[in-house]
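Presented below is the structure to which this report refers.
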Amino acid sequence: MSTYRTSPDPDLKGMPPGIPYIIGNEAAERFSFYGMKTILAVFMTKYLCLMNDTHGQAMTEAAATEKVHLFNSAVYLTPVLGGILADAFFGKYRTIIWLSVVYCLGHAALALMGLQGDAAMWLLAGLVLISLGSGGIKSCVSAHVGDQFGASNQNLITRVFNYFYWSINLGAFLSTLLTPWLLKWYGPHWAFGVPGVLMAIATLLFWMGRRKFIHVAPGGTNFILETFSREGLKTLGKLSVLFLFVAMFWALFDQTSSRWVFQAQDMDRNFLGVEWLESQIQAVNPILILTFIPLFTFVLYPKVGKLVKLTPLRKIGAGLFLMGAAFALSSTIQEWIDAGQRPNIGWQILAYALLTAAEVLVSIVALEFSYTQAPRRMKSLVLGLFLFAVSLGNLFTAAVNRYIQIDSPASATKIALEESTKAGDKVTVEVEHAGYDEQLGTADDLRMTYSTADGLRTVIPGEARLSEALDHIEQWTRANDHRLPRPEEANSLIEDFKDPWGNPLRYLLEGSRTCRILSDGPDGKSRTKWDVSIHLKITEPEPEKPAKWFDALRPEKEWLVRRKEELKMSSGEKETADEITYSRTVFAGGGERLEGASYYWFFTVLMFITAIIFVPYACLYRGKTILQGDEMDGEGVSSQ
């Protein structure tokens, strides 16, 4: 016979006894999730191609951004499934425990990646299992927090949701600092394995609190009746509109784990005397959350509340405008980078401050508001739909990044080359690829060579002419203290150069240390798969750094260097350079339709439009607050 309580103690005025177990579980679970998510984009672009016995081609930033946001979308799609399982069939506790085991298996798949079989398949399997586990428990855990409260202590629910969010960001902060360091020095197995251990600890903590929790019984057929009742459908309809606005917020916010990481690569990351890894900058968000939650809760809300009534919807509206401001600053930073400058990472930290303030106003408030507006038997489902908004936002970002990718005319040939080296004993395979005129033996053909030692090498049409033009750029750069020329200076250097089809060559400055010479190709149109280009990258030696106590904890060489030595790879540039080096990379197609700052401004404008449209919705919304312990769903506190 079960000894679990199924409803809150009507006489309890203080904190429910199960809350510490939920908070501890959430801190460890968020460490595991954000630990692997923090390094995912960098892993895909730099490490994944080296995980097999035969190395492959590195993933582009746009492709990695697309896949990171598809994963995020999947993580926040499954909460709807978890909510239905919890509310209708198994209850929240059992749903969380079972799916946590699935979650642990996903982390295990990532930690074992590359030890046997195709690493990309292990990555896919791990991300699918984590999507099911992490996503499936999200709506249940949030609703489980609210279930611990009744009418006698409902005044504490706002404080506990803030504690809940505080624990999320404590776990995220610690893992965001640790896992990029583990990835750099110890490699993917440790970087993905440690978060897996924390997920196992999270599962254990939750199991230990089983007799302290309120276990709200699943609704069964009552859940179906309530969901499709007039009141249930009306509530879902009103909140679904809110969730669309929240979706656009997350379309921007979650780019801190993709595009903002890539932006940080082109910035001076020395801040407060510390050289930060590009992935570690994400730790700014959780540490600011830990600061902003008490600041907003105990200082700003009471003071502003004396001047104007602070309803949940007004807070959310202010947060949407702040998110637009955060991306406007990020767009400006990218403009500086596009102009060849190397801004300090402090500017992105300022953007993080605006973004984090927006998160406090939108994410925390909307989460609590969604719970209080949901009928009693639909709490997990409604919070699942709230999290589905995160999925929609990430799906939108993934779709944008999918659309802006310009395919390479030889992408299918590249796959065939890689497969042929895996299937047989050939060390080198060479293939001619027909160009724009679809005929072999003409000036627009591509020649692709794939070898197990050097990877993929593409010879593009007009390469000699592009390379000659780039020689002029490199000579000028070497003569000017290794500073790449500005566009007006570069154009004067290459104005006499044309591609084989009579079109002028173009110069694009992509940052303080990267540029490219570009031809529109045989079709004469820019941003198509027939474009050809050569990129120039300048690599400077790392400055001498004073020894720190934790240097003794790491190997002498980075994992990437050790792995390339194992594969006997030719790196194309010095791994531990003692002088400035210049390296070149040839591309056929493979660019982006939205490049540089234009990408960031696109999302900035969308965010401000979203915030403006939200204002009339907030003014027209009518609802009521419903908590566990209310005698009937029709009774509640009016909210607007």
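Nothing in this text is a laboratory measurement; each read-out follows from the coordinates by a stated rule. This is a predicted model, so every value here is computed, not measured. Here the Cβ is made from the backbone with ideal geometry for all residues, glycine too, and neighbour counts use every protein chain on show.
Rounded to the nearest 10 degrees, the angle from helix 346-359 to the longest Cα principal axis of the chain is 30 degrees.
By per-residue mean of other Cβ atoms within 10 Å, what is the highest-first order of 334-347, 505-518, 131-144?
Highest to lowest by the protection proxy: 131-144, 505-518, 334-347.
Taking amide H atoms as placed 1.01 Å from N in the peptide plane, the amide H of Glu592 lies under 5 Å from those of Ile406, each 5 or more residues away in sequence or on another chain. Highest average first, the peptides 398-409, 289-300 ordered by how many other beta carbon atoms sit within 10 Å of their residues are 398-409, 289-300. Computed from phi, the 3J(HN,Hα) profile of the range 367-374 under the Karplus parametrisation 6.51, -1.76, 1.60 (θ = phi - 60°) reads 5, 5, 4, 4, 4, 5, 8, 7 Hz, with x in place of Gly and Pro. Computed over every Cα-Cα pair of the range 249-346 and binned at 5 Å starting from 0, the pair-distance distribution P(r) comes out as 2, 10, 17, 21, 18, 13, 9, 7, 3, 0 percent. Each Cα pair under 8 Å and six or more residues apart adds its sequence gap; the mean of these over the residue count of the chain is a relative contact order of 19 percent. Sorting the segments 588-595, 317-324 by their residues' average number of neighbouring beta-carbon atoms within 10 angstrom, most packed first, yields 317-324, 588-595.
Taking the square roots of 5 times each eigenvalue of the Cα gyration tensor of the chain, largest first, gives ellipsoid semi-axes of 48, 27, 24 Å.
So if I place +1 on the C-beta of Lys and Arg and -1 on the C-beta of Asp and Glu, and nothing else carries charge, what would the dipole magnitude of the range 173-327 be about its Cα centre? I want it in debye, nearest 20. List each step's numbers first, then the result.
On the way: 14 positive and 7 negative charges, 172 e Å.
Using only the charged Cβ atoms, the result is roughly 820 debye.
Shown in residue order for the range 80-95 are the 3J(HN,Hα) couplings computed by the Karplus curve 6.51 cos²θ - 1.76 cosθ + 1.60 at θ = phi - 60°: 5, 4, x, x, 5, 4, 6, 6, 9, 10, 10, x, 6, 4, 5, 4 Hz (x for Gly and Pro). Distant-in-sequence amide contacts of Cys515, defined by a placed amide H-H separation under 5 Å and a gap of 5 or more residues or a different chain, comprise Glu510, Leu536. Note on the chain: helix-only mean residue ellipticity at 222 nm, from DSSP H runs of 4+ residues weighted -39500 (n - 2.57) and normalised by residue number, equals -18500 deg cm²/dmol. Taking the range 1-148 as the region of interest, the number of lysine pairs whose Cα atoms are within less than 19 Å, with members eight or more places apart or on different chains, is 5.
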